[in-house]
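Enquirer: Take this structure first; my questions come after.
The values are calculated or read from the model by the stated rules, or taken from the named source; none is laboratory data. What you are looking at is a predicted structure, and each value in this text was computed from that prediction instead of being measured. Reconstructed Cβ throughout: ideal geometry from the backbone, glycine too, with neighbour counts over all protein chains shown. For the accessible areas, the whole protein counts, side chains as well, though only heavy atoms, and no ligand, DNA or RNA atoms are used. Shrake-Rupley method; radii C 1.70, N 1.55, O 1.52, S 1.80 Å.
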Amino acid sequence: MLGVWLLLWGSVALGGRADTAFLHRAHDSSGHCTYSFTVASPVEAACPESAGGVPELRAELAALAARLSWLESRERGMGGSGPRGAEPGGARDPQQVASIARLEAARAPLSRSQMCPAAVGGVPGSRPRHRHLGGQRPGTEPPEGGRSRLGDEGAVLAPADAVPDPAAAPRWEPQPLAYQELQSERTEVPVSQLLQETALGRPGKEDSAGCGQLVWVGEPVVFGRADSIAGKYGVWMKDPEPVPPFTRDNTWRVDTVGTEVRQLFQYEEAEQLARGYPAKVHILPRPLESTGAVIYRGGLFFQPRHSRSVARYDLRGETITAEREIPGAGYHGQYPYSWGGYTDIDLAVDETGLWVIYSTEKARGAIVLSKLDPETLEIRRTWETNIRKRGVANSFLICGTLYTVSSYSAPNATVNFAYDTATGTSRALSIPFENRFRYLSMLDYNPAERQLFAWDSFNMVTYPVRLSRA
């Protein structure tokens, strides 16, 4: 009954002419029963080479044939090398021979289909008259755009005389082959990061047990950014020798733009600083001046506004526990660093203790160093250098040696001078130092972190350092 209907449908499709349509029933490569019919072309006795009823299929079959040829040559070429090939001059691996036989058997019907793609459907330029009536697996959909692809269920069939016997045409089941396609990927790593991951560039590892001379400063790493104009200049710090309940994870910050700077922001850790949510805000009994404050042994050491004094604010008791005047020290713009900002009195901490950096009229603007008692703020000893304070952008101490930075705004500045308090001598340096955001207003060394903490135009950054062995 189905055959009669198909014959009638074929006659109608051919405009009522008495052309005969042939019905074929055969198993496909997956074992499903497939019905198809063909109709002879009214104008062609054979398939010309230029016939292109299905150009997309022809191109796809050609690509597949080329791929199979490549795989075969690849498989043959690996016969004498690699773990799966045979030894030179020896017998080939049986598994390899079977794989090649399967490829050749699968390629044969492909080649026949490629030779005569127009045989599936009549007149050039018209749609193929082949219809796929069955054999599609439940739950599967035809390929995108309605085109069939080789290997899909419901692939376009050749005419009846070209359909191979299911028993004679083995299924194409690709097996693992002895090759691998690789993808090359490249990751760019900054030079500074590579240096940090080597013995030369990882400060705090081989040299962490002792002191040394500064020989390298790495690229800045941003930890946070101020979100208002009050944070263009500022100071942020960690306590290298904290007192309970505080730890080395506690981070502190002061925004120093304003006439009454009293707020000290406390964070549980640096990540909280980056998010901008302090755990507590201390209101200082006296406003501080500029960016020279430091945290050390549970206290905030700062210069009270409009004075040449240094004060200690106890973080636990939240009161000022000590205050002392620095004899002859300039203040409020007399001997600042080159960027200004009333940076006349600058406090610092290193492996040896608490320091104050300033200048006096007697020193004629040269940097003066004094070692302070952290409890009473008494001056233990003083050094007068030959480095002009207005001629440098900032300074810090490492292991009893004072280091200065050449510029606060040049992107490629340098650590340009060092003054050794052990010998009382100074020397010129040229260690590269990057001002990434072009306005360095604070720079301090943290001996516990073995890093420089800096404030660069709203940005709170750190610099890794490397010291030579003492």
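Enquirer: Read through the list (1) open to solvent by 80 Å² or more (accessible area, probe 1.4 Å); (2) in a loop (DSSP other than H, G, I, E, B); (3) not polar (S, T, N, Q), then give the number of the only condition that Val257 fails.
Expert: Only one criterion in (1) open to solvent by 80 Å² or more (accessible area, probe 1.4 Å); (2) in a loop (DSSP other than H, G, I, E, B); (3) not polar (S, T, N, Q) is unmet by Val257, namely (1).
Enquirer: Suppose we filter Thr343, Thr376 for residues that are among the polar types (S, T, N, Q), modelled with pLDDT of 95 or more, open to solvent by less than 10 Å² (accessible area, probe 1.4 Å) and in a loop (DSSP other than H, G, I, E, B); which single one remains?
Expert: Details: Thr376 fails: open to solvent by less than 10 Å² (accessible area, probe 1.4 Å).
Just a single option satisfies the conditions, and that option is Thr343.
Enquirer: Of the residues in the stretch 235-285, how many are touching a residue at least 40 places away in the same chain (Cβ under 8 Å) and at positive phi?
Expert: Going through the stretch 235-285 one residue at a time, the tally reaches 1.
Enquirer: Among the residues of the stretch 345-365, write down those that are of a type outside the set (Val, Ile, Thr) and in contact with a strand residue (DSSP E or B) (Cβ under 6 Å, 6 or more places away or on another chain).
Expert: Of all residues in the stretch 345-365, those of a type outside the set (Val, Ile, Thr) come to 346-348, 350-351, 353-355, 358-359, 361-365.
Correct list: Asp346, Leu347, Ala348, Asp350, Leu354, Trp355, Tyr358, Ser359, Ala363, Gly365.
Enquirer: Moving on. Restricting attention to the stretch 377-428, which residues are over 21 Å from Trp216 (Cβ atoms), among the small types (Gly, Ala, Ser) and in contact (Cβ under 8 Å) with a residue 60 or more places away in the chain?
Expert: Passing the criteria: only Ser409.
Enquirer: Any idea which of Ser395, Ser426, Ser457, Ser441 is surrounded by fewer than 20 Cβ atoms within 10 Å (Cβ to Cβ) and within 36 Å of the chain's Cα centre (by Cα)?
Expert: Details: Ser395 fails: surrounded by fewer than 20 Cβ atoms within 10 Å (Cβ to Cβ); Ser426 fails: within 36 Å of the chain's Cα centre (by Cα); Ser441 fails: surrounded by fewer than 20 Cβ atoms within 10 Å (Cβ to Cβ).
Step by step, each of Ser395, Ser426, Ser457, Ser441 is checked, and only Ser457 is surrounded by fewer than 20 Cβ atoms within 10 Å (Cβ to Cβ) and within 36 Å of the chain's Cα centre (by Cα).
Enquirer: So which residues in the stretch 410-419 are closer than 15 Å to Ser395 by Cβ and open to solvent by 40 Å² or more (accessible area, probe 1.4 Å), if there are any at all? Let's see the steps before the verdict.
Expert: Restricting attention to the stretch 410-419, the residues satisfying the condition of being closer than 15 Å to Ser395 by Cβ are 413-419.
Phe417, the sole residue that qualifies.
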